[in-house]
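Notes follow once the structure below has been shown.
Every number here is computed from the coordinates shown, using simple stated rules; none is lab data. Everything numeric in this text was worked out from a predicted model, so none of it was measured. No Cβ is skipped: glycine too gets one built from the backbone with ideal geometry, and neighbour counts run over all protein chains shown.
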Protein chains: 2
Amino acid sequence: MTKADSPSHEDLMKLDNFLCFAIYSTNHAFTRVYKPLLDELDLTYPQYLVMVVLWEKDDQTVGSLGERLFLESSTLTPMLKRLEAMGYISRVRDRADERQVRVKLTESGRALREKAENVPRGIANATGMKPAELVRLKQEIATLRTSLLR
Amino acid sequence: MTKADSPSHEDLMKLDNFLCFAIYSTNHAFTRVYKPLLDELDLTYPQYLVMVVLWEKDDQTVGSLGERLFLESSTLTPMLKRLEAMGYISRVRDRADERQVRVKLTESGRALREKAENVPRGIANATGMKPAELVRLKQEIATLRTSLLR
DNA sequence: ATAAAATAAATCGTTCGCGATCTAATCGCA
DNA sequence: TGCGATTAGATCGCGAACGATTTATTTTAT
């Protein structure tokens, strides 16, 4: 492919040229890097993301967690039940609107935050990127996500 | 956070500052964008990636597919069985080394390639990015993946 | 005031993805 | 040559993830 041409079907059909595959495989890579760090907290990677959202703002509905994480209730409900079984959160129907379930941190869930404090640095480290670069790349990808969901 | 400081724990603990979450959620966004395009081919997104690898190079072992896609045999074996059941590939033990399974496209699997020809452009379009940008971003993320797996 | 529409979460069935383990085949080397 | 180590896939159990559907509640419109 020369500079002036638009990419050919041939080029577009190569896995290594897929932006989506770069994302897909890097996502798996992150999961692997997180594994040993999160094992100590007894959390899976998606469970950890839920906890991060709750540490940021406690007492949220399933719906608001889903909006924040881009997940459906069919994904969250079972996950939240697991976190509840582990004692990190409580799930209670909202008295004012019984359709909603309010998800709150337990004492144990709040306490976990301290244990998780050093996780982000461990991850940032594994990327081998400088903080500023990292922020820029993150922002570019978030923008891409917005385009895709539009 | 001022320019001179390194990021605080507080900052690092916010979901929106997580590079990994940008990747995680953008991966899901890609899956959603692919869905309607791949429905016409009766393929899931991961199945499509397997087909792309085979269209690039036919007759590979489970191991080489896994190396290419960063997937384990425990993931691939069931997927390949589904693709076989759909008639797109065949799985045959290698006569020279019976430990290996050779995965080959069927006539139908090769034919599918034409139907899939316009998928990449549809996706590229949905990103709203120019080809050159897209290549650069893809490369940055692939480099990140390499760092993470190191 | 009540029936219809909308909303929130849960449930079900299917596919992915992994780690741990198992089985079968091949290799290495004494 | 033969037996222990290695390798390649397959299997199993578990946790995501989604779409489609269901159930329960609330809102709206008549």
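Which value, in debye to the nearest 20, describes the size of the charge dipole of chain A about its Cα centre when Lys and Arg Cβ atoms bear +1, Asp and Glu Cβ atoms bear -1, and nothing else is charged?
It comes to approximately 220 debye.
Treat each spin label as a single point 7 Å out from the Cα along the C-beta direction, and report the A:Glu107 to B:Lys14 distance in nm.
3.1 nm
What is the list of residues in segment B:115-137 whose amide nitrogen lies under 13 Å from a point 7 angstrom out from the Cα of B:Arg82, following Cα to Cβ?
none
Given the -39500 (n - 2.57) contribution per DSSP H run of 4+ residues, what per-residue ellipticity at 222 nm results for the protein assembly as shown, rounded to the nearest 500 deg cm²/dmol?
-19500 deg cm²/dmol
What area, in nm² and to one decimal, does the C-alpha convex hull of the protein assembly as shown cast on average over all directions?
Dividing the Cα hull surface by four gives the mean projection, 19.3 nm².
Please identify, among A:Tyr45, A:Tyr34, A:Tyr24, the residue showing maximal mean-square fluctuation in a Gaussian network model of chain A using a 10 angstrom Cα cutoff.
A:Tyr24
With springs only between Cα atoms under 10 Å, which of A:Pro131, A:Pro36, A:Pro46 fluctuates most in a Gaussian network model of chain A?
Of A:Pro131, A:Pro36, A:Pro46, the most mobile in the Gaussian network model is A:Pro131.
May I ask you to sort B:Arg113, B:Arg68 by Cβ crowding, counting other Cβ atoms within 10 Å and putting the fewest first?
B:Arg113, B:Arg68
State the volume of the convex hull built on the alpha-carbon positions of chain A, expressed per residue in Å³ and rounded to an integer.
So the per-residue Cα hull volume is 159 Å³.
What pairs in B:Lys35/B:Lys57; A:Lys138/B:Lys138; B:Lys81/B:Lys138; B:Lys104/B:Lys138; A:Lys57/A:Lys130 have C-alpha atoms more than 19 Å from each other?
B:Lys35/B:Lys57; B:Lys81/B:Lys138; B:Lys104/B:Lys138; A:Lys57/A:Lys130
Rank A:Leu134, A:Leu83, A:Leu43 by mean-square fluctuation in a GNM of chain A with C-alpha springs under 10 angstrom and give only the top-ranked residue.
A:Leu134
Using a 10 Å cut-off around each Cβ, can you sort A:Val101, B:Val50 from fewest to most neighbouring Cβ atoms?
A:Val101, B:Val50
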